[in-house]
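Input: a single structure, listed below in structure tokens.
The values are calculated or read from the model by the stated rules, or taken from the named source; none is laboratory data. Only a predicted model underlies this, so the values are computations on that prediction, with no experimental measurement involved. All Cβ positions, glycine included, derive from the backbone under ideal geometry; neighbour counts span all protein chains shown. These accessible areas exclude ligands, DNA and RNA; they are computed on the full protein's heavy atoms, side chains included. Shrake-Rupley method; radii C 1.70, N 1.55, O 1.52, S 1.80 Å.
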Amino acid sequence: DQMDAVAALSEKFGFGEIRVSYKQNLILPDVPKSELPALWRALDELDLATANAGRISDIIACPGLDYCNLANARSIPIAQRISERFTDLAREMDIGEISLNISGCINACAHHHVANIGVLGVNKGGTEYYQVTLGGVADENARVGAIIGPAFDEWQIAGAVEDIVDVYLRQRQTNEKFIETYQRVGPQPFKEKLYGTDQARQTS
């Protein structure tokens, strides 16, 4: 029903075209600026107007084990659990710009390795685990994120992401983005929060 409504809006406000970005967001091109408020109100009625682009709940996730024969672990339920931790839009605005990508296998269709926070699903003895990388960048200064430590199970990973964000909020300086804080302080404060001081020393 939502997609039918979006298709109708693309015809009403544009030329009937809808694009899907690599960030898995819908783009309605060719909308006159004067019509943007009306389009936003129509999308808001469909529960599709959350202003979270570029924020932590704007997650890129591959289809994962639910839909892909190559995957080792589920991605979509993990993305949902993480996004549920950040439903307060004011909190997301305070956290600021941050990228979070989840891949269900090493093929990395969601490009987890170049996200500020990357999550890679792995299978160990028939159980799904999630490895975390930090510090990835996907712009002109591209950088692959570093594995932060041992993997988390499906019930721990959402809390681990929230812990990472909490460390950033405590460590950041004025107007500093997540990636800037991470590059300044390094992985150690995040490791200590996630694994405890002794374990962090062992993984450093």
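Counting just the residues of the stretch 13-42 that are under 26 Å from Ile82 (Cα atoms) and free of Cβ contacts under 8 Å to residues at least 24 places away in the same chain, which one comes out nearest to the chain's Cα centre (by Cα)?
Ser21
Has the stretch 28-40 got any residue that is in contact with an Asp or Glu (Cβ under 9 Å, 6 or more places away or on another chain) and surrounded by 15 or more Cβ atoms within 10 Å (Cβ to Cβ)? Checking the stretch 28-40: at least one residue is in contact with an Asp or Glu (Cβ under 9 Å, 6 or more places away or on another chain) and surrounded by 15 or more Cβ atoms within 10 Å (Cβ to Cβ). Could you count how many residues in the stretch 1-27 are under 30 Å from Val114 (Cα atoms), open to solvent by 50 Å² or more (accessible area, probe 1.4 Å) and among the polar types (S, T, N, Q)? Final tally of qualifying residues: 2.
In summary, Asn141 fulfils each of the numbered conditions (1) under 23 Å from Ala51 (Cβ atoms); (2) free of Cβ contacts under 8 Å to residues at least 12 places away in the same chain with the single exception of condition (1).
Do you know which of the residues in the stretch 41-65 that are hydrophobic (A, V, I, L, M, F, W, C) and open to solvent by 30 Å² or more (accessible area, probe 1.4 Å) is modelled with the lowest pLDDT? Across the stretch 41-65, the extreme among qualifying residues is Ala51. Does any residue of the stretch 43-53 turn out to be under 15 Å from the mean Cα position of the chain (by Cα) and touching a residue at least 40 places away in the same chain (Cβ under 8 Å)? Looking for residues that are under 15 Å from the mean Cα position of the chain (by Cα) and touching a residue at least 40 places away in the same chain (Cβ under 8 Å), one finds at least one in the stretch 43-53, hence yes. For the stretch 82-92, residues that are surrounded by 15 or more Cβ atoms within 10 Å (Cβ to Cβ) and either free of Cβ contacts under 8 Å to residues at least 24 places away in the same chain or out of contact with any Lys or Arg (no Cβ under 8 Å at 6 or more places or on another chain) (or both) total 4. When you check Ile78 against the structure, is it under 30 Å from Tyr182 (Cβ atoms), assigned to a helix (DSSP H, G or I) and open to solvent by less than 70 Å² (accessible area, probe 1.4 Å), yes or no? In short, yes.
Is it true that Cys68 is over 18 Å from the mean Cα position of the chain (by Cα), assigned to a loop (DSSP other than H, G, I, E, B) and either surrounded by 14 or more Cβ atoms within 10 Å (Cβ to Cβ) or touching a residue at least 40 places away in the same chain (Cβ under 8 Å) (or both)?
Yes.
Yes/no matrix, rows are residues, columns are (1) within 22 Å of Leu70 (Cβ to Cβ); (2) more than 18 Å from the chain's Cα centre (by Cα):
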| position | (1), (2) |
| --- | --- |
| Arg85 | no, no |
| Ile106 | yes, no |
| Glu128 | yes, yes |
| Leu134 | no, no |
| Gln156 | no, no |
